[in-house]
Amino acid sequence: MITPFMYKCYYIKLIMKKAIVIYPVLENLDKNLIENKLIETCNLAEAIYLDVIHKEYFKLNKPDPKALMRKGKVNYFLELFNDFNFKGNDSILIFAIDISPIQQRNLEKIYKIKILDKTSLILEIFGERAFSKIGRIQVELAHLSWQKSRLVRSWTHLERQRGGFGFLGGPGESQIELDKRMINKRIKQLKFLILKAKKTREIQYNNRQKKRVPVVSLLGYTNAGKSTLFNSLTKLKVSAKNKLFETLDTKISYFYLPLTKKAYINDTVGFISDLPTLLVEAFKSTLDEVTKADLLIHVRDISISNHEEQKTDVLNVLKQLNIIPNTIEGPPMIEVINKVDVSNAESKNFFKNKKNTFLISAKTGEGIESLKNGIDKILHSFSV
């Protein structure tokens, strides 16, 4: 008997496209960091059901403004693609960095395949994962902002002229100007809708403030386990799959503590290395939940080797939002070291006696009661 799950797997297999991921390294980076960035891009590709058949990185000292890579490297990949029978509409080349519109256009002409850079890949994921109305609006805003930035010197067909009505006998409006005008108009509409949603959230926030119920915000790198911890604290069952950017829409609920009694908690969109500025800008109103929190909980995945680099990436995004935790101007923040059930003893011992740091497994429940007591102590100190 064919179950719905089996049918879904079969359907995904039918629509799955092949992908090759390449990472031109433009700066001096540690080998482990390079490999982690390459693997992360592969994971992003697999998050939208792309079948990564090959991945590699290479040092690129002097990028070519027209095709990013020099002729020798361009030809090398031509031969590689032939070996993999990598061609046509079922093949997608992914760069682990952002490339210019001209570089993308020229490489697509050479290789005759679709090309995605890191920002466009993340936008694809966001487009698939946004389910709420405000989530879809924010993703559309990010996509249009990205599209607008790539209209200039992007496609040659945009240079053709459209005839005007002839009232002034002018040459008419160029296609690129018309496209820019249409995009600007839609961006304005989307920003208005986001502003309306922001005002609604501010009313909700003020109502919570009147009740004097503290607010806790979960934040961290994508796939660090924020949603699993959210479920563990609230006893809810929001989607918490092992996928990058599983959560795009901010979720808010409440949980109970011995001293503080009731506290609100929200689960926010995950961060990532080199998170495009346009995505931070588009989701700024949603991330405002973080700026208004009484306590930030930074959830970290201890099971991976580059958790320190991920911590730096998260703090950089917070800086973009003008949030400097544990300062006079910023909110207090604690660190929750997650996935201790699948990490080694050395990693756990490193964090064991650190101040305002809690070792847990959101999946198994290990350390959750200790974390709740720690949260309770901090929140209760505000009311004393």
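Points to keep in mind about this one:
- Centroid-to-centroid separation of the range 95-116 and the range 354-384 [C-alpha atoms, Å]: 47
- Unsatisfied cross-links (Cα-Cα over 25 Å) in the set 210/261; 352/377; 292/319; 198/354: 198/354
- Under 5 Å between amide hydrogens, built in the peptide plane, is the criterion, and for residue 366 it picks out 361 among residues at least 5 positions away or on other chains.
- Of the residues 21, 50, 69, the one whose Cα sits farthest towards the positive end of the charge dipole of the range 16-116 is 69 (charges of +1 on Lys and Arg Cβ, -1 on Asp and Glu Cβ, taken about the Cα centre).
- Less than 5 angstrom separates the built amide H of residue 58 from those of 23, 25, all sequence-distant by 5 or more or on a different chain.
- Principal axis analysis of the Cα atoms in the range 212-383 yields extents of 41, 41, 33 Å, listed in decreasing size.
- Of interest is the spacing of the C-alpha centroids, which for the range 179-242 and the range 40-92 amounts to 35 Å.
- Taking chymotrypsin sites (Phe, Trp or Tyr not before Pro) across the range 52-101, the ones in a DSSP loop with at most 13 further Cβ atoms lying within 10 angstrom of their Cβ are 84.
- Anchor residue 133: aspartates and glutamates whose Cα lies under 15 Å away (excluding residues fewer than 8 positions away in-chain): 249
- Label zone at residue 189, where the point sits 7 Å out along the Cα-to-Cβ direction: the range 132-152 residues whose backbone N lies under 14 Å: 137-138, 140-141, 144
- With N counted as the residues of the range 16-116, its alpha-carbon radius of gyration over 2.2 N^0.38 Å works out to 1.02.
- Partner aspartates and glutamates for residue 112 [C-alpha distance under 18 Å; skip if fewer than 8 residues away on the same chain]: 79, 83, 90
- Additional length obtainable on full extension of the chain from residue 312 to residue 345, 0.36 nm per residue less Cα span: 9.6 nm
- When the trypsin sites (Lys or Arg not before Pro) in the range 262-319 are filtered for DSSP coil states and for at most 16 other beta-carbon atoms within 10 Å of their beta-carbon, the remaining sites are 292.
Values in this text are rule-based calculations from the coordinates and carry no lab data. What you are looking at is a predicted structure, and each value in this text was computed from that prediction instead of being measured. Cβ atoms come from the backbone with ideal geometry, glycine included; neighbour counts cover every protein chain shown.
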